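Shown next, in structure tokens, is the structure this report addresses.
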Amino acid sequence: MAEIILAKTAGFCFGVSRAVDKVYELLDTGEKIYTYGPIIHNKEVVKDLEEKGVVTLETEEELRSVREGIIVIRSHGIPKYINDYLDESGVKYVDMTCPFVKRIHKVVSSLGKDETVLIAGNPDHPEVIGIRGWCDCENTVIETSEQAEAFTPRDGAKITLVSQTTFSYNKFQEFVEIFTKKGYHITVVNTVCDATRGRQTEAFDIAKKVDVMIVIGDKHSSNSRKLYEICSKECDSTCFIQTLTELMEPEMAGIRDKIKVAETVGITAGASTPKNIIEEVQKHVRHE
Ligand code: F3S
């Protein structure tokens, strides 16, 4: 039987569990509950909530059409203008933006109009869209080293570098080195979440020493995808699954065979993966 190394940091982080718990708690109020965007990047959890009557508002238009009930803002946060709309509209809402994301909003909104913000992250990610929405000054999103190399600031620009909370810490450091080498005067505010950093480091350490590595997470979850990226560099037999069902699909036969003969199997999971899914996968591997 293979030895299983389960990452201690696998699964819900503080910000996600706080937001998900709040939605379940609000169901007891008997009011109609809405979430602005899926509460987490996990289909299973969202489906369960929808079955209990929670409605996911997919667009701003849908958000603006809500007249009663309670809207929950997820941990990713929202741009300031939407926050302002909610305040003015009088519709009830609960802001579950993760405090670590709120901190970034505070940093960027405190800067002067003539300053520049650089955000290390994915420009399409809702958290980054939210952060940009709190900038009252020029702001640019940098995702790759090539973009960091190509960035040229305005003459005399005062630059502050922050990052999406789930961005790779190593990549963030790489950007800092690139800007330092170029001689730019940049105020660096490391906003990579410790939960993310700890999870990535632990996944890296485990993937290095196991025969098979399993990353559990939703394909839309940026931190889960990043975990997969990190692990697959260290372990050739790394697979990325959302649930146990996916591991049982025909195209996963190869990885299942590897699990059968493996001496060690590592398991980690993204911040939006519920405990029961991790346990199911773990149980299956133990059986194999
Ligand atoms: Fe918050 Fe960190 Fe999770 S920023 S939502 S605790 S990954």
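Rounded to a whole number, what % of the accessible area of the chain do carbon and sulfur atoms account for, probe 1.4 Å? Carbon and sulfur atoms account for 49 percent of the accessible area of the chain. Between GLU249 and TYR184, the simple label model (points 7 Å from Cα in the Cβ direction) yields a spacing of 4.0 nm. Extension gain for THR144-LYS208 works out to 20.6 nm (0.36 nm per residue, less the C-alpha to C-alpha distance).
Per residue, the solvent-accessible area of the chain (1.4 Å probe, heavy atoms of protein chains only, all protein chains present) comes to 48 Å². Evaluated with a Cβ-only charge set (Lys, Arg +1; Asp, Glu -1), the chain carries a dipole of roughly 620 debye about its Cα centre, given to the nearest 20.
The distance separating the Cα centre of the stretch 197-245 from that of the stretch 17-44 comes to 27 Å.
Sorting 242-253, 36-47 by their mean Cβ neighbour count within 10 Å, with the most densely packed peptide first, gives 36-47, 242-253. From helices alone, the chain scores -13000 deg cm²/dmol at 222 nm; the rule is -39500 (n - 2.57) for each run of n ≥ 4 DSSP H residues, then divide by the residue total.
Packing, as the average of other Cβ atoms within 10 Å across residues, places the peptides 201-208, 55-62, 279-286 in the order 201-208, 279-286, 55-62, highest first.
Please say if the stretch 143-288 is rounded, prolate or oblate, where rounded means a/c under 1.5 for a ≥ b ≥ c the square roots of the C-alpha gyration tensor eigenvalues, and otherwise the choice is prolate for a/b larger than b/c and oblate otherwise? Provide the component values of the computation, followed by the final result.
Details: a/c = 3.07, a/b = 2.63, b/c = 1.17.
Note, shape of the stretch 143-288 comes out prolate.
Multiplying the sequence separation of THR59 and GLU3 by 0.36 nm and subtracting their Cα-Cα distance, what value in nm do you get?
On the way: separation 56, 0.36 × 56 = 20.16 nm, distance 4.56 nm.
Result for the pair: 15.6 nm of gain on full extension.
The values are calculated or read from the model by the stated rules, or taken from the named source; none is laboratory data. These numbers come from a predicted model, not from an experiment. Please note: Cβ atoms are built from the backbone with ideal geometry, for glycine as well, and neighbour counts cover all protein chains shown. Surface accessibility is based on the protein's heavy atoms, side chains included, excluding ligands, DNA and RNA. Shrake-Rupley method; radii C 1.70, N 1.55, O 1.52, S 1.80 Å.
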